[in-house]
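See below for the structure under consideration.
The values are calculated or read from the model by the stated rules, or taken from the named source; none is laboratory data. Remember, it's a predicted structure, so these values are computed and weren't measured experimentally. Here the Cβ is made from the backbone with ideal geometry for all residues, glycine too, and neighbour counts use every protein chain on show. What goes into the accessible areas is simple: the full protein's heavy atoms, side chains included, and nothing from ligands, DNA or RNA. Shrake-Rupley method; radii C 1.70, N 1.55, O 1.52, S 1.80 Å.
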There are 4 protein chains.
Amino acid sequence: MVIEAGRDGAAGRRLRLGMVGGGQGAFIGAVHRIAARLDDRYELVAGALSSDPDRARASAADLHIAPDRAYADFEAMAEAEAARPDGIDVVAIVTPNHRHAGPVQAFARRGIHVICDKPLTHRLEDAEALAAMLARTDVIFGLTHNYTGYPLVRQAREMVAQGDLGALRVVQVEYPQDWLTTRLEETGQKQAAWRTDPERSGAAGCVGDIGTHAFNLAEFVTGLRCESLAAELTRFVPGRRLDDNAHMMLRFAGGARGMLWSSQVAPGNENGLKLRVYGEKGGLEWHQEQPNTLRHTPFGEPSRLISRSGPGSSAVAGHASRIPAGHPEGYLEGFAQLYRDLAEQISARIDGRAPDPASLLVPGIAEGLRGMRFIAAAVASSQRGAAWTDIPA
Amino acid sequence: MVIEAGRDGAAGRRLRLGMVGGGQGAFIGAVHRIAARLDDRYELVAGALSSDPDRARASAADLHIAPDRAYADFEAMAEAEAARPDGIDVVAIVTPNHRHAGPVQAFARRGIHVICDKPLTHRLEDAEALAAMLARTDVIFGLTHNYTGYPLVRQAREMVAQGDLGALRVVQVEYPQDWLTTRLEETGQKQAAWRTDPERSGAAGCVGDIGTHAFNLAEFVTGLRCESLAAELTRFVPGRRLDDNAHMMLRFAGGARGMLWSSQVAPGNENGLKLRVYGEKGGLEWHQEQPNTLRHTPFGEPSRLISRSGPGSSAVAGHASRIPAGHPEGYLEGFAQLYRDLAEQISARIDGRAPDPASLLVPGIAEGLRGMRFIAAAVASSQRGAAWTDIPA
Amino acid sequence: MVIEAGRDGAAGRRLRLGMVGGGQGAFIGAVHRIAARLDDRYELVAGALSSDPDRARASAADLHIAPDRAYADFEAMAEAEAARPDGIDVVAIVTPNHRHAGPVQAFARRGIHVICDKPLTHRLEDAEALAAMLARTDVIFGLTHNYTGYPLVRQAREMVAQGDLGALRVVQVEYPQDWLTTRLEETGQKQAAWRTDPERSGAAGCVGDIGTHAFNLAEFVTGLRCESLAAELTRFVPGRRLDDNAHMMLRFAGGARGMLWSSQVAPGNENGLKLRVYGEKGGLEWHQEQPNTLRHTPFGEPSRLISRSGPGSSAVAGHASRIPAGHPEGYLEGFAQLYRDLAEQISARIDGRAPDPASLLVPGIAEGLRGMRFIAAAVASSQRGAAWTDIPA
Amino acid sequence: MVIEAGRDGAAGRRLRLGMVGGGQGAFIGAVHRIAARLDDRYELVAGALSSDPDRARASAADLHIAPDRAYADFEAMAEAEAARPDGIDVVAIVTPNHRHAGPVQAFARRGIHVICDKPLTHRLEDAEALAAMLARTDVIFGLTHNYTGYPLVRQAREMVAQGDLGALRVVQVEYPQDWLTTRLEETGQKQAAWRTDPERSGAAGCVGDIGTHAFNLAEFVTGLRCESLAAELTRFVPGRRLDDNAHMMLRFAGGARGMLWSSQVAPGNENGLKLRVYGEKGGLEWHQEQPNTLRHTPFGEPSRLISRSGPGSSAVAGHASRIPAGHPEGYLEGFAQLYRDLAEQISARIDGRAPDPASLLVPGIAEGLRGMRFIAAAVASSQRGAAWTDIPA
């Protein structure tokens, strides 16, 4: 879909947003806030931004949150906000993995919609419990596997679904980074510290942090369920407690075969998430660092470069774009798309109408569970010498 | 400067913003609004969004502007907002070129700061008058040559300034697009209509619309003044009234030589602004469609790819970044940087303090005048058979 | 090493060359002949070019081979040439895999040096026998794992060996093609027919044809022995008798871990051999389709692009180059490098002098055996559900 | 045209080749020899390889030229070879520019066919005289504007000719290098010395050396005659006697407009010849350093990447290819194509038959004259302040 005019949020209800985690020095909290603001569908009005009360207060002040809505802990926040007539509509949970389940439950229980960072939790059993609990509520739950918000990722999914590639055969997904090439966690770097700590991250390091994104992307685009995997997880940096590199072979329902590589010790790779999918009739290639181009390779024809909002881009991609082709959109816009789509879902719920179907691609609890089962299978397989291990449906 | 944490607006005053132009169906108005929101330093509270009153009202409602601050015309808006205790601090002018000068003067006269889209005006004499008028006021004036907001463009400027390339010799700048390859202006497409209309755009089409960006980028990065040019402007599409392709040779102060190509009839080019600069000791290459990489080619050494926020990126680039390397930022983030920097300038003015020096790179009235003189010289040169024509300082 | 002048073969003895296989319609025979001619160190004077006598004769005539040296079969050729005072110095064996062992033995037994296409044979036991037999002769044996002839592949090997990357951790190698996406072997296409036929190719299809190249490249550049693998070989095209896709995980001596993907059913991939190697201090990336650039990514520094014959290229690369940087060399030049180096080895043998050490990088019988053991291990692993399987040293 | 089998010279007469120039230390002589050998249609049997007799002799010995055919000067060579029953069929002239005209005449006068390096001569008047003289002979004359030998350059020409782009509008050609960024000619480097010396190169430096290639490529592909130019030639390196950078605007018959940039002082550019052509219906882009891909951008459709010998490549490109897609061919193969085509032309002449029409694309005397007139016009325009200057037809 060729976009000629710029588009911001479009008319739409502005939701009251709260945030748990994301105080000063955090990475992903700031990203969530930009994502929430970009399309003007949210107003950040409350927060429990840090487990440290001083930092929580200071962080709230930075963000123009009124002092009486800067909470010391999420439980108090959930209770107070649920009680206010102008209480938050939705909360974003951006804490480390081991602190997802508690807040999600606290808010969901009170009917407040939830946007949660990935992976869902740090232990599979918590995830299962959370899913069961959420199933008994009526809240909308979005999980920020943000790469699904990129316009051309969605178009890739659509092209596969409508058979442009024929039956799929091969799925190659990789997510290399290099920032943990040295023992950064010993230097006081906050991001590195919790992501390499089994207490806060869970049983997997690199696999949980970025392997889950790669896995989600592969399932999202192919529409295929990965049934089993054979994995080798490695800790290369001496003294590190969790894997910093993972190699896997994948078997998909229907017979497709794949590989997944995630690494945080591959120098020269910054955030190299890349997906290649091949079927009987053609292939698709997409690279997160050049997200505005999708390479389509119909067998027996010249390769085609589809650019976001340019010729050959579809309405599905157009839904997730804001500006014309050639004006690069990036990570924040892709992330914002999840927020925009969730705003539509939540607004529709509030207004008692059906949401725009295009807004329904946001990953939710099902994808969260898939991710946790993937982690568990990868860890188990690796412990058993890369034996093939099922990923329960 | 390696960025490890995400960064949104940082603590800072939130300014009250008004907008003139940018109603439903516009391109650049939506971009300005996203840019204003991204770092949370502005709140859009007033607007004269369209010259059509109904569209103005509807557009304002879409944008959550209170009905009493949705104005029918900019003059009324300027007067009313200047009179309110909670009146706007700053106004964004996003009308077609021939409707820049009036609003700028109306607001500036009343001490309201101004952010104006480029080019400055549609006639050089208006620009000169505007500059003279602004010189008598105390307002801050920012011109959205948005490509100067890209982190690596700023780093390129810094590298040139600190002598990394030695004395400059060659400057190659180009800005090809393809959207006017056919006579789009006859189809009702609003963007095409005004941009190819001399009444609304001025004496130049492609040169004014995008050639000015290329020219600004070249002077911004090199720090050199372009003293004269020899230009050939062409109208390729039958019936078109303004140039849709321009070729120029450039002479810079100090002896550097350059070329500028801008086109809107080059199929396959979406928004291909590209700058290459070569000096005695090395070169730099930057391409707007891949803005997160700067190629540095020190003579006699392997080429280096500097990535935004990655190794080799400087504090100047870091100032204009929000997220770590490998997470692509794009057009909107670059645009937003001008807004963020102007927020800092205006806030500092309000607070009676000195602004962060890093915020002072935003183009202003001087760059606006340069652009208008460039347009005038290009048109004059082309009319005289590409004779060398001075661009007054 | 910056090359300023063009370089052809340089002074050097011109060897008399024979060829077995490579008649009209063959692929790799023509490549061997161009490779032999490029540096002017060989003269093709004899051949048993086809098992079909008419085609053998006609092919010989095309190639200016004298009728009396156009042989009906390799055995006769070996006997006759060995008996001639002007008999061939060296023979190139370019038949399908199942017809390598016989000719190699026939010529080697008579003291004629041998250049053989890969893989060494079609059965491991033949390869072992051949190696044993060759060990009892004094002939020089070169195996055309031609990708080792690329200048920057050799430089990559050197950089790893001299510790530029530190201890290696991760090795990613892949070799996707697409030409067997459909059942081409049923259409009469000669290349497809024998490569998918177990009688002529051996127990593996894609793994033997191109997986061996990938494996060889990985061991060549890293200098590490791959000790074991876990492989999943797949036949995607209905009716195909041998694998057309292979996924493997690799374990290297010293602890490095890797992946290998080879495929002939990945649309849009023509000859996509690509190697990425990461160590404690940096990484290297090389892609066969862009062979004139080597990406070096020292950790914590900007990426560097080393171009063949350009700044940062080494003497090892210079040895394998002919023309200055920016003048692309390709597949044929890389292939020719093996021929040039073997010419030096054979000439030195004839002249009773030590060969140029730079000429000794050509793969030989040891690499041939490695390749056959790799194939056997891959097939065995896949049959046992991707169980880890040792590759004997 | 998809190529499945490898192809070397194909059956065909082998011509006896002589060479003038190209002794030890030369660049282009070695390139010519490799080009002549690649397809096996030539045998180098005679040479006047250097004006220095010792070097001439030693160079001949290196190249297996019999001592009695190693000549001290070209005049003697022409006379002796013309007299031999086994005398050369064709001679390659690879001397510096000022030594082209003499040898060409000496051999042509005696009915020996000529292959000459570009530019044709060092002075326009010599070129005119040479053309007049050749017109009175019957010899075949090929000029090695070697970039016309690349398969996809020929396909680009064909696509333009058959109207795939519609009427052409814009032609952007550039040829940046960096090897003369410093005053290399003072260091004893032989290539730099003669190319910057007006006595040996003529009135232009960079323009003659590489600008002529760019100009030839533009006219070759577009099929349009460039009628006039406005040029600014610059000498950036202090003490240099000829231009090392040139900027030009071009006007083509039929109304197309273009730019040409050639430079030898642009760090990071090795041999960056690049052509972009845009018409009413689409565009084409080709870059010499990535010669195996042609980008085709039909307006309103996704860009297409046509790969040499891959889907979408034409028979014209197939004629100039040797190996399947994905196996990169480069500079030497493109150069060799001119030799192969000339072998066909000369063989057909000898055999009294019509040559393969596909062999007739080799530039000849007409292109040589065009190049000289281009140089003259560029120099004249630059001397007159970049005034528009006609290039006589």
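State, in square angstrom and to the nearest 100, the accessible area buried between chains D and B, both chains counted, probe radius 1.4 Å.
Summing both sides, the interface buries roughly 3400 Å².
Find the centroid of the Cα atoms in segment A:84-155 and in segment D:47-98, then give the distance between the two in whole Å.
82
Using the structure shown, select from C:K118/C:K190; D:K190/D:K274; B:K190/B:K274 the pairs with a Cα to Cα distance greater than 22 angstrom.
Checking Cα-Cα distances, D:K190/D:K274; B:K190/B:K274 exceed 22 Å.
May I ask you to derive the relative contact order of segment D:53-165, considering only C-alpha pairs under 8 Å and at least 6 residues apart, and to give it as an integer percent?
18
I'd like the accessible area for C:R123: 1.4 Å probe, protein heavy atoms, all chains in place, Å² to the nearest 10.
For C:R123, the solvent-accessible surface is approximately 110 Å².
Rounded to the nearest 0.05, what FRET efficiency is calculated for D:A354 and C:E301 with R0 set to 56 Å and r the Cβ-Cβ distance?
0.40
Would you mind checking which residues have amide H under 5 Å from C:V20's amide H? H placed 1.01 Å from N; only 5 or more apart, or other chain.
Sorted by chain and number, the residues that satisfy this are C:A48, C:A92, C:I93, C:V94.
How far, in whole Å, is the nearest Cβ of chain B from the axis relating it by rotation to chain C, and which residue carries it?
Smallest Cβ distance to the axis, with its residue: B:R304, 3.
Heavy atoms of the protein only, probe of 1.4 Å, neighbouring chains included. What is the accessible area of D:W388 in Å², nearest 10?
The accessible area comes out at roughly 50 Å².
Place the label 7 angstrom along Cα→C-beta at C:R110 and in each other copy, then list the distances from the first to the rest in nm, shortest first.
Output for C:R110: 4.3, 9.3, 10.3 nm, nearest copy listed first.
Over the heavy atoms of C:E199, what accessible area does a 1.4 Å probe trace out, to the nearest 10 Å²?
120
How about segment C:353-393: which of its residues lose at least 20 Å² of accessible area in the presence of all protein chains relative to their chain isolated, using a 1.4 Å probe?
The answer is C:G385, C:A386, C:W388.
Using a 1.4 angstrom probe on the protein heavy atoms only, could you order B:D73, B:D40 from most to least accessible area?
B:D73, B:D40
How much net charge surrounds B:E289 when only the other residues with a Cβ under 9 Å from the Cβ of B:E289 are counted, with Lys and Arg +1 and Asp and Glu -1?
Neighbour charge sum, excluding B:E289 itself: 0.
Quick one: net charge around C:V265, please, counting Lys, Arg +1 and Asp, Glu -1 for every other residue with C-beta under 12 Å from its C-beta.
+2
Modelled label-to-label distance, D:A135 and B:R109, 7 Å Cα→beta-carbon offset: nm?
Taking the simple label geometry, D:A135 and B:R109 are separated by 7.3 nm.
Determine the residues within segment B:290-326 where the difference in accessible area between the chain on its own and the full set of protein chains amounts to at least 40 Å²; count protein heavy atoms only and use a 1.4 Å probe.
Correct list: B:Q290, B:F299, B:P302, B:S303, B:L305, B:P311, B:I323, B:G326.
Applying the Karplus parametrisation 6.51 cos²θ - 1.76 cosθ + 1.60 with θ = phi - 60° to the phi angles of segment B:207-212, what ³J(HN,Hα) value in whole Hz is obtained for each residue in order, glycine and proline being reported as x?
4, x, 6, 10, x, 4
Largest first and in whole Å, what are the equivalent-ellipsoid semi-axes of segment C:267-393 based on the Cα gyration tensor, each being the root of 5 times an eigenvalue?
Whole-Å semi-axes of the equivalent ellipsoid: 29, 26, 15.
Give the accessible surface of chain C per residue, rounded to a whole number of Å², with probe radius 1.4 Å and ligands, DNA and RNA excluded.
31
For segment D:77-116, what does the alpha-carbon gyration tensor say about shape, rounded, prolate or oblate, given a ≥ b ≥ c as the root eigenvalues, a/c under 1.5 as rounded, and a/b over b/c as prolate?
Verdict is prolate for segment D:77-116.
Can you classify segment C:265-336 as rounded, prolate or oblate using the Cα gyration tensor, where a ≥ b ≥ c are the square roots of its eigenvalues, rounded means a/c under 1.5, and otherwise it's prolate if a/b beats b/c and oblate if not?
Verdict is oblate for segment C:265-336.
Of the accessible area of chain C, with the probe set at 1.4 angstrom, what percent is carbon plus sulfur?
Here it works out to 50 percent.
How much net charge surrounds C:R110 when only the other residues with a Cβ under 9 Å from the Cβ of C:R110 are counted, with Lys and Arg +1 and Asp and Glu -1?
After counting each charged neighbour, the total is -1.
Using a Gaussian network model on chain D with a 10 Å cutoff between Cα atoms, which of D:G87, D:G254, D:G272 fluctuates the most?
Of the options given, D:G254 has the highest mean-square fluctuation.
Around B:L15, which amide H atoms from residues at least 5 apart in sequence, or from another chain, sit under 5 Å from its own amide H, with H modelled in the peptide plane?
B:Y42, B:E43
Say a label goes 7 Å from Cα toward Cβ at D:A354 in every copy; what distances in nm does this one have to the rest, shortest first?
6.3, 6.8, 8.4
Over the alpha-carbon set of segment A:209-326, work out the extent along each principal axis and list the three values in angstrom, largest first.
That works out to 50, 34, 26 Å along the principal axes.
Using a 7 Å offset from Cα along the direction of the beta-carbon, what are the separations from B:A80 to the same position in each other copy, nm, ascending?
Computed spacing set for this position: 3.7, 10.0, 10.3 nm.
Going by a 1.4 Å probe on protein heavy atoms, which residues of segment A:55-72 end up with at least 10 Å² less accessible surface in the whole assembly than in their chain alone?
With the partner chains in place, segment A:55-72 has these residues losing at least 10 Å²: A:D62, A:L63, A:H64.
Evaluated at 37 °C with a viscosity of 0.692 mPa s, what Stokes-Einstein diffusion coefficient in µm²/s does segment A:331-393 have when Rh comes from the Kirkwood expression over alpha-carbon pairs?
It comes out at roughly 232 µm²/s.
For chain D, take N as its residue count and report Rg(C-alpha) divided by 2.2 N^0.38 Å.
0.96
On average over all directions, what projected area in square nanometres does the protein assembly as shown have, based on the convex hull of its Cα atoms?
53.5
Using θ = phi - 60° and the Karplus curve 6.51 cos²θ - 1.76 cosθ + 1.60, what whole-Hz ³J(HN,Hα) does each residue of segment D:157-166 get, with Gly and Pro shown as x?
4, 5, 5, 4, 4, 8, x, 4, 9, x
Could you give the radius of gyration (one decimal) and Dmax (whole number) of the Cα atoms in segment C:33-141, in Å?
Final numbers for Rg and Dmax: 13.6, 37 Å.
Starting at the first residue of segment B:283-298, write each ³J(HN,Hα) from the Karplus equation 6.51 cos²θ - 1.76 cosθ + 1.60 with θ = phi - 60°, in whole Hz, x for Gly and Pro.
Those phi angles translate into x, 9, 9, 9, 10, 4, 7, 10, x, 8, 10, 10, 8, 10, 10, x Hz.
Treat each spin label as a single point 7 Å out from the Cα along the C-beta direction, and report the C:A380 to D:D52 distance in nm.
Modelled inter-label distance: 6.2 nm.
Could you order B:K190, C:K118, A:K274 by accessible surface area, starting with the largest, using a probe radius of 1.4 Å?
Reading off the accessible areas and sorting them downward yields B:K190, A:K274, C:K118.
Under the rule of -39500 (n - 2.57) per DSSP H run of 4 or more residues, summed and divided by the residues of the protein assembly as shown, what mean residue ellipticity at 222 nm is obtained, to the nearest 500 deg cm²/dmol?
The helix-only estimate for the protein assembly as shown comes to -10000 deg cm²/dmol at 222 nm.
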